[in-house]
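Structure, as structure tokens:
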Amino acid sequence: MEFKRVKERFIQFHKLCSLLLWLSFSTFLNGNPDSLARKWTSLPDDTNKVNLLNKYSDEWTATDPEYGLSFGNKAFELATRLRWKKGIAKSLNNIGNNQCSLSEYQKALNAYKEALKVNQELKDKFQIAKTQSNIGLVYLDQSAYPKALEYLFLALKNFEELKFDLGIGNQYGAIGTVYSEQKDFNKAIYYDSLAIVIFRKINDLEGVAIQLGNIGNAYEAMGDYDKAINFNLQAVKMYESIQNQSGIARNLMNIGIVYNDRNQCRTALDYLQKANKMYTELGDDNMVANCLANQGQCYLLSLTKENENSNAKVELISGSRSELLEKAVSFMLQGYELTSRTGDISLRQFLAKRLSEAYTLSGNYKSAHQFLLESNQLKDSIFSMESHLAIENLTTEREVLLKDKQIEIDRLAVEKKRNERLFFIIGIVLLLIISGFVYRSYIKQKKLNYAIEIEKSKSENLLLNILPAEIAEELKESGSAAARHFDSVSVLFTDFKDFTQTSESMSAAELVGEIDYIYSEFDRIIEKYDVEKIKTIGDSYMAAGGLPKTSQTHAVDTVNAALDLRDFINETGKKREQEGKPFFHIRIGIHTGPVVAGIVGIKKFAYDIWGDTVNLASRMESSGEKGMVNISADTYELVKDHFVCTYRGKVNAKHKGEIDMYFVQRKSQLPDSLKA
């Protein structure tokens, strides 16, 4: 499926967090929480009061983490005043747990690392393992997979030495989740299987069910549908034995998805209906929306899909074309409406795309076009969020490397001082030892510097994919990029003539594929002439020559790019016509003049330009004709010696009055020596 599948990793995460909270104190206080809140204020400031505050912080982690965090902070302050390291470590872990519940992962990471230092000083291996596991889970949530594996394996080793099976099983499950996120499904299955062995040993049936579902998801991703169904069915039986309704519904839905993948739509629909009913009773709107999306997909597949798996029996839902379309649209619209409450952007984008396809099949091209536009807008939004998340994750890893390097440098400095004192006692022998140590330290520092440079390069390359190089550099150096005025810039607009009518004769998939193919070639053409892409607006493409780096030839470069764009569309149109397929006619407009350029927004950066020049360039495009490059008199004066142009006279432009315009026919054949 193309939208985000429900993943067991989140349940694994919360299960492990619950375990770690339980490990801190095996029992909670008796009595009413409000009476407890009144009780602690009257107690003397001693270690018993620290324990009480920490227990209360534990109790509120799941239900009111802000309240729980306040008690964790009070416990930390008191333990610090008492210089009680065990209480300090416990309160730091509680602070981290509550910050995880609030999704403040960087703060949680800092708290856990401070707790780890204290536990290492105390040489408390059990608490060390627990904290290492917490740190690994935070890195997993931030998609920093190498760091997540590093800490989870450290925790696993300590739990194995302690022979603590519950901790071992949870580490195996978390490690399997990391490999699954990295698409290394064979390793994911291996570690999930190890977790099952441990959970069966200690009779943790919920843990077994979680891992069975994870293995089923891995096999589904690998295309082994029989095994995927088998493991999900085992998970369902296990959840039924412990009466876990949410787990039953989740795996029933996943089974339905697998049957859909096999084009066994009737069987898929049966499982999805059961899951939908259970989620409705549980009041889980997000999962109800997922079920509705998949139910609609069953009807859409029954109408459009052919059997792609010769080993599976096709089970398409019977009914007329109009009945199947009506059902598909009905279920998907219900799911689509629910996403406005649940905020699941990925599912909403998927449903918008599928509704566009369904409306196209039914002949409702207006609705199909509206949903296609929303699908594309949501897709851009998801891409932007993922890009910024990737930058944040790279930044986090870079900061961790820098911090680790500083710790290593500090440790080396302490060792160096100690060795210098010993030098006067053992003489030449110690001199040789110090020399070898310094060399080894130098090699370590070189490796750390190299790792930091690699991560820095990743961050910079990702930023260059979003912004022009000059703007990205300014943003890195100063944290902002000031708007700039350019005296002369050539602004280019393209537009497809009769786009709506042409697109209605194409399927949604064909339309998206054709637009992607055209705009990808547009990007290559403008890059060839050193013209900067600004943005796409529906079926309009906007670019500008002469910024952010000024150029004396920007007008000529922009017109050259426009002619290549025109020729590419004309050649593509001829091919499509020979194939009997619909095709687009292009209009291109260019105007030269002053603009202001800069970054829009403070979160999702976008480089844009403003000014009357932009409006006039848009009028050049809208006042042109299909298959022609229409330029203003200002642009013509800068390029007339390089191109053959036809004067159109004064043409009325909307809101601008009559403007001198020219059609660019082709490049001039004059030798360079005769050109201005």
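The values are calculated or read from the model by the stated rules, or taken from the named source; none is laboratory data. All figures in this text were calculated on a predicted structure; none of them were measured in a lab. FYI the Cβ positions are ideal-geometry reconstructions off the backbone, even for glycines, and counts take in every protein chain you see. Heavy atoms of the whole protein, side chains included, go into the accessibility calculation; ligands, DNA and RNA do not. Shrake-Rupley method; radii C 1.70, N 1.55, O 1.52, S 1.80 Å.
For the reader, a short list of remarks on this structure follows.
- Residue count for segment 181-219 under the criterion of being farther than 16 Å from LYS237 by Cα, assigned to a helix (DSSP H, G or I) and among the acidic types (Asp, Glu): the result is 2.
- Residue check for LEU52: assigned to a helix (DSSP H, G or I), modelled with pLDDT of 55 or more and over 19 Å from ASP124 (Cβ atoms): yes
- Filtered residue count, segment 237-287, keeping only those that are assigned to a helix (DSSP H, G or I) and either surrounded by 20 or more Cβ atoms within 10 Å (Cβ to Cβ) or hydrophobic (A, V, I, L, M, F, W, C) (or both): 27
- Positions within segment 129-150 being open to solvent by 10 Å² or more (accessible area, probe 1.4 Å) and over 15 Å from ASN97 (Cα atoms), in sequence order: GLN142, SER143, TYR145, PRO146, LYS147, LEU149, GLU150
- Put simply, of ASN93, ASN98, ASN110 the only residue that is closer than 23 Å to LEU162 by Cα, part of a helix (DSSP H, G or I) and within 32 Å of the chain's Cα centre (by Cα) is ASN93.
- Residue pairs meeting the criteria (Cβ under 6 Å; at least 6 apart or on separate chains; first more than 11 Å from GLN245 (Cα to Cα) and modelled with pLDDT under 95, in segment 259-281; second among the aliphatic types (A, V, I, L, M) and open to solvent by 30 Å² or more (accessible area, probe 1.4 Å)): ASN263/VAL314; CYS265/LEU316
- Filtered residue count, segment 128-159, keeping only those that are among the polar types (S, T, N, Q), assigned to a helix (DSSP H, G or I) and farther than 13 Å from ALA174 by Cα: 2
- Of all residues making up segment 501-550, the number that are hydroxyl-bearing (Ser, Thr, Tyr) and out of contact with any helix residue (DSSP H, G or I) (no Cβ under 7 Å at 6 or more places or on another chain): 7
- Of all residues making up segment 486-521, the number that are crowded, with 20+ Cβ neighbours inside 10 Å and closer than 14 Å to ALA562 by Cβ: 6
- Residue match in segment 587-604 (condition: out of contact with any Cys (no Cβ under 8 Å at 6 or more places or on another chain), among the hydroxyl-bearing types (Ser, Thr, Tyr) and open to solvent by 70 Å² or more (accessible area, probe 1.4 Å)): no
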